[in-house]
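Below: the structure, in structure tokens.
The values are calculated or read from the model by the stated rules, or taken from the named source; none is laboratory data. Because the structure is predicted, anything quoted here is derived from the model rather than measured. Because the Cβ atoms are built from the backbone with ideal geometry, glycine has one as well, and the counts that use them run over all protein chains shown. SASA here: full protein model, heavy atoms, side chains in, ligands and nucleic acids out. Shrake-Rupley method; radii C 1.70, N 1.55, O 1.52, S 1.80 Å.
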Amino acid sequence: MKSLSWLAAAVMLSSLGTMTQAQEERRDYSPFYWSQPQQFMSPYAASGKMEQKGRTGVAAMHAVLLNEKKIMIIDKAEWNEAQFDSGQSAFSVEYDLDTDDYRLLPLETNTFCSGGGFLANGTFISTGGGERVGRTWKADPGWQSIRHYNPCQDGTCEWSEYLTGKMYENRWYPTVETLPEGDLFIIGGSTKGTAVNRDEVNVPSYEFWPPHKEGIIDMPFLNETMPYNLYPFVFVLPDGNLFIFANTQSMIFDYKKNKVVKRLPNIPGVPRSYPLTGGALMLPLDPAKNYNVEILICGGSEKMKNNAAADDTCGRINLGDEDPQWEMDTFVHKRLMPDGVFLADGTIFWVNGCQRGWAGYNGRNHDPTFDPLIYDPEKKKGHRWTTGLADTNIARMYHSVALTLPDGRVWIAGSNNVSPPDILAEYPTEFRVEYFSPPYLFQSETRPLISHVPRIVTYGQSFDILVNLGELAQAGSDPELKVAILRPGFSTHSMHMSQRYVILKHTIDSDLQSLTIEAPPNANIFPPGQGFLYVLCNGIPAKAAEIFVEHDVSDLAI
């Protein structure tokens, strides 16, 4: 019996060996076998992914990323689904990115169509606003109000308000830009609410917060660009001057001497400023290009008519040219009120907006644009646009926002083109939140990891962080690495005040585990305060870490 059992086992093993050999031979021709190791493939690798989850509680007229986990959302004083125990509607909340829940924040002044930015010390400042309101919701006038908010992680931080008289002038629709000195440049606006700016309410001036001794300073440019000059586009340039754009006009301006350094040619086509609203960005600043500046402005509308056609062009101007001129390009779709935000890799994600009308309430904007786009500024004209991305079915037009998050996704919220708010309107007051995950998050099973990022660095400082590139790169290989710092800015009305993306010099150790990074060389390149540090390997970003760039480590006060 033992010999028979041994013989049977031998035959079975021999058969198994034969079958294994046959199976190996089948690998060469069978469609059920891979001849090479399988590669990671995602159905979202080309389109990205759009997901809806969470509610804002208040209409997201304004939004700003406070830190790695929190977003501040600000509406005007009006009905919202988030309400205090008293029954009064909230119009500001702190949104938690981990839980998609929110915490109500009391405000005393009306934040309607206000501006915002961070001081060097980390304090967020909200400037200006609208009229007094009462009854169901209550708020004092916010025309000259200044509001301070020191971000925190423990749910204890609250608004601190200077109710009125702290700015020198009423400012409704002002622009705010963080300056190299670490204070705020506040420009333009109107003295009261208006559909479009008018001579009798125009505020053709600028001021600073904290206030400067010179007080309010006249700016004739804001008379010359009437009536389309509310929320002008402003960017700090690497030479310390400002690029300022309104209507179709732009200039380089020395705010320290109150002097026009250079007038630039008018952008061809339609006005691009509120209420014929387009979007604008200063393209990434790169030390390899000596921080050369290019400005991109896209979209707008032809006139203040409900059926006016939105614009489908973009203008791009290179300020480093001896004779800068606007290069016109397609915007792919007609789009009014677009939001343009930098993604982690320095490309630009365009979302929100509509195809007809002009910015404002109650029937002024129509035909939402549901299809987002990605613009790659490094590619040649004709090859810059990526289409076919994951779209949405939520209309996001007037009073919509978008912010790029540390994890590389984009947070999208808002849309309220009816007054009073109406959740049953054709285009309803919108409280739903969406997250767009770009294609770069679906190119690999893994993404880089970074750690030991210092909370504060000073200008020109070299600092080390640890990296784990995982399967994206092995020791001895030469991976494509990119390091950058992003400031997402204050989002409202297609504006992203103080948004900027700066590429950083870096070297990596031969073991691919330690990265030495140079902070921006000076405050003109990256004004002091908060940013988010991204490291990308072969185009795939690690989750960013919050970092503060300061003149001195003692400047940070939060």
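Observations, loosely collected:
- Residues satisfying the stated conditions in the stretch 447-493, i.e. touching a Leu at 6+ places or on another chain (Cβ under 9 Å), polar (S, T, N, Q) and either crowded, with 19+ Cβ neighbours inside 10 Å or closer than 30 Å to PRO338 by Cβ (or both): SER491
- Qualifying residue in the stretch 366-374 (condition: open to solvent by less than 10 Å² (accessible area, probe 1.4 Å), within 20 Å of ALA195 (Cα to Cα) and at pLDDT 95 or above): no
- Residue check, THR164 under 28 Å from the mean Cα position of the chain (by Cα) and of a type in the set (Val, Ile, Thr): no
- Residue selected from the stretch 59-79 under the condition of a type outside the set (A, V, I, L, M) and buried (at least 24 other Cβ atoms within 10 Å of the Cβ), by the criterion farthest from the chain's Cα centre (by Cα): LYS76
- Among the residues of the stretch 248-269, those that are surrounded by fewer than 22 Cβ atoms within 10 Å (Cβ to Cβ) and in a loop (DSSP other than H, G, I, E, B) comprise THR248, TYR255, LYS256, LYS257, ASN258, PRO265, ASN266, PRO268, GLY269.
- Checked against the criterion of being under 22 Å from PRO238 (Cβ atoms) and open to solvent by less than 60 Å² (accessible area, probe 1.4 Å), the candidates TYR534, TYR440 yield just one match: TYR534.
For (1) open to solvent by 30 Å² or more (accessible area, probe 1.4 Å); (2) at pLDDT below 95; (3) among the aromatic types (Phe, Trp, Tyr), each residue gets a yes or a no:
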| residue | (1), (2), (3) |
| --- | --- |
| LYS380 | yes, no, no |
| THR387 | yes, no, no |
| THR392 | no, no, no |
| ALA395 | no, no, no |
| TYR398 | no, no, yes |
| ALA402 | no, no, no |
| GLY408 | no, no, no |
| ILE412 | no, no, no |
| SER415 | no, no, no |
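- Listed by first and then second residue, the pairs linking a residue in the stretch 100-112 that is more than 18 Å from GLY134 (Cα to Cα) to a residue that is aromatic (Phe, Trp, Tyr) and open to solvent by 50 Å² or more (accessible area, probe 1.4 Å), with Cβ atoms under 9 Å apart and 6 or more places separating them unless they lie on different chains, are LEU104/PHE84.
- Residue pairs meeting the criteria (Cβ under 9 Å; at least 6 apart or on separate chains; first over 17 Å from MET61 (Cβ atoms) and touching a residue at least 24 places away in the same chain (Cβ under 8 Å), in the stretch 334-349; second charged (D, E, K, R) and open to solvent by less than 10 Å² (accessible area, probe 1.4 Å)): PHE342/ARG500; PHE349/ASP339
- Verdict on ASP422 being in contact with a helix residue (DSSP H, G or I) (Cβ under 7 Å, 6 or more places away or on another chain) and surrounded by fewer than 24 Cβ atoms within 10 Å (Cβ to Cβ): no
- Any hit, the stretch 469-486, residues being over 21 Å from ASN292 (Cβ atoms) and among the basic types (Lys, Arg): no
- Members of the stretch 278-332 that are hydrophobic (A, V, I, L, M, F, W, C), under 24 Å from the mean Cα position of the chain (by Cα) and either part of a loop (DSSP other than H, G, I, E, B) or on the phi > 0 side of the Ramachandran plot (or both): LEU283, VAL293, LEU319, PHE331, VAL332
- Counted residues, the stretch 509-522 - those being at pLDDT below 95 and either crowded, with 16+ Cβ neighbours inside 10 Å or in a strand (DSSP E or B) (or both): 1
- Within the stretch 150-183, the set of residues being under 28 Å from PRO238 (Cβ atoms) and either of a type in the set (Val, Ile, Thr) or open to solvent by 30 Å² or more (accessible area, probe 1.4 Å) (or both) comprises THR175, VAL176, THR178, GLU181.
- Test: residue in the stretch 53-60 that is of a type in the set (D, E, K, R), more than 28 Å from GLY142 (Cβ to Cβ) and not in a loop (DSSP other than H, G, I, E, B): yes
- Among residues of the stretch 170-199 that are in contact (Cβ under 8 Å) with a residue 40 or more places away in the chain and assigned to a loop (DSSP other than H, G, I, E, B), those with a Cβ under 9 angstrom from a residue that is basic (Lys, Arg) and buried (at least 24 other Cβ atoms within 10 Å of the Cβ), sequence gap 6+ or separate chain, pair up as GLY188/ARG171; GLY189/ARG171; THR191/ARG171.
- Some residue of the stretch 218-233 being open to solvent by 40 Å² or more (accessible area, probe 1.4 Å), modelled with pLDDT of 95 or more, part of a strand (DSSP E or B) and farther than 28 Å from TRP350 by Cα: yes
- In the stretch 95-122, the residue that is nearest to MET497 (Cα to Cα) out of those that are open to solvent by 10 Å² or more (accessible area, probe 1.4 Å) and among the hydroxyl-bearing types (Ser, Thr, Tyr) is TYR102.
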